[in-house]
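One structure is given below, encoded as structure tokens.
Every number here is computed from the coordinates shown, using simple stated rules; none is lab data. Every value quoted in this text rests on a predicted model; they were computed, and no experiment measured them. As a convention, Cβ positions derive from the backbone with ideal geometry for all residues, glycine included, and neighbour counts pool all protein chains shown.
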Amino acid sequence: MTSGLRIRNLSKNFGGLQVARNITLDIPTGARAALIGPNGAGKTTFANLIIGALQPSSGSIHLDDKDISQLPEAARVRAGIAKTFQNTNLFKDLSVRDNIRLPILEREHRTFRFLERYDGDAAIEAEVEQLLADFRLLPLANRLVRSLAYGQQRLVELALTLSLKPRILILDEPAAGVPSSDSHLIVDAIKRLPTDLSVLIIEHDMKLVFEVASRIIVLVNGAVLVEGTPEEISRDLRVRELYLGAGHG
Ligand SMILES: Nc1ncnc2c1ncn2[C@@H]1O[C@H](COP(=O)(O)OP(=O)(O)OP(=O)(O)O)[C@@H](O)[C@H]1O
């Protein structure tokens, strides 16, 4: 049995436009992989194929030897594949703690009415407090999300995603919009993610990529140009050409 994500000959066409070309990749359990490439290379499309927001034109995706290629998005979340919540999913006028509690209640199929007091459940509350602690959010737990700095809001998104208990986590531009003075918050949080979680980071910020990734996949025109360790990638002449040329993505 192969543990982790196994992608074979994955292709996607939009009409005549081929945006994923025969992508073959393994993302083993515990991997810290980054997907980089110029604008329009197909990174978001690839992430959407993995989470099931898009169905492939051909090829397969296996998670621990289970073929998930045809599963819809919700079933893939249940199988353990999650992409970070986007800022728009946060309830800005609720506290950080309430925001983190909501997806856990939803996961546990508990009903929660906004205007009623939630009477608590020890196991759920313990999980909420653990996530707050894991993401160093305890000092901010009672603050309204609206009042947080953007980088702190992105940490709340990460904590929310972890409440889904994923096995594969896709971070789509986790530092986008975060001022460089706060990007260490994101880097530190990624470094502290559970070691048995596989992480795929799609990111334009090369400094962040080189700080957290142990494998880098370079996508160009929907195809894998090269895959390797950060050292191999930084030495690769084709990658250097790509990034020294115009259209740095
Ligand atoms: N739903 C769609 N229909 C048609 N073409 C699409 C669709 N979604 C994406 N594309 C095209 O697929 C190509 C890859 O886009 P994609 O957004 O995946 O690239 P990307 O590498 O994520 O780019 P960026 O770094 O700019 O976010 C682009 O040419 C884009 O215009």
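Note on A53 and R143: the extension gain reaches 29.1 nm, defined as 0.36 nm multiplied by sequence separation minus the Cα-Cα distance. Maximal additional length on extending the E106-N13 stretch stands at 30.0 nm, based on 0.36 nm per residue less the C-alpha distance.
Peptides 32-43, 217-228 ordered by packing proxy, namely the average of other Cβ atoms within 10 Å per residue, highest first: 32-43, 217-228. Among beta bridges from DSSP that stay inside the chain, the antiparallel ones total about 55%.
Modelled spin labels at A126 and V187, positioned 7 Å past Cα toward Cβ, are 3.6 nm from each other. Sorted largest first, the spans of the alpha carbon positions of the range 1-150 along the three principal axes are 52, 35, 28 Å.
Might you report the magnitude of the Cβ-based charge dipole of the chain about its Cα centre, with Lys and Arg at +1 and Asp and Glu at -1, to the nearest 20 debye? Each step should come with its number before you reach the end.
Details: 30 positive and 30 negative charges, 73 e Å.
With Lys and Arg at +1 and Asp and Glu at -1, about 360 debye.
With the highest mean first, a sort of the peptides 121-133, 158-170 on other beta-carbon atoms found within 10 angstrom per residue produces 158-170, 121-133. Using all pairs of distinct alpha-carbon atoms, the Kirkwood hydrodynamic radius of the range 83-165 works out to 12.7 angstrom.
Name the residue from Y243, T44, G222 whose Cα lies farthest towards the positive end of the charge dipole of the chain, charges +1 on Cβ of Lys and Arg and -1 on Cβ of Asp and Glu. Farthest towards the positive end: G222. Taking a Cβ cut-off of under 12 Å around A149, the surrounding Lys, Arg, Asp and Glu residues balance to a net charge of +2, with basic ones at +1 and acidic ones at -1. The relative contact order of the chain comes to 28 percent, based on Cα pairs under 8 Å that sit 6 or more residues apart.
Treating only the Cβ atoms of Lys and Arg (+1) and Asp and Glu (-1) as charged, compute the dipole magnitude of the range 20-72 about its Cα centre; round to the nearest 20 debye. Please report the intermediate quantities before stating the final value.
Numbers: 4 positive and 4 negative charges, 51 e Å.
My answer is approximately 240 debye.
If the segment from S3 to F210 were pulled out straight at 0.36 nm per residue, it would be longer than the present Cα-Cα gap by 72.0 nm.
With a Förster radius of 45 Å applied to the beta-carbon distance between R240 and K165, the computed FRET efficiency rounds to 0.70.
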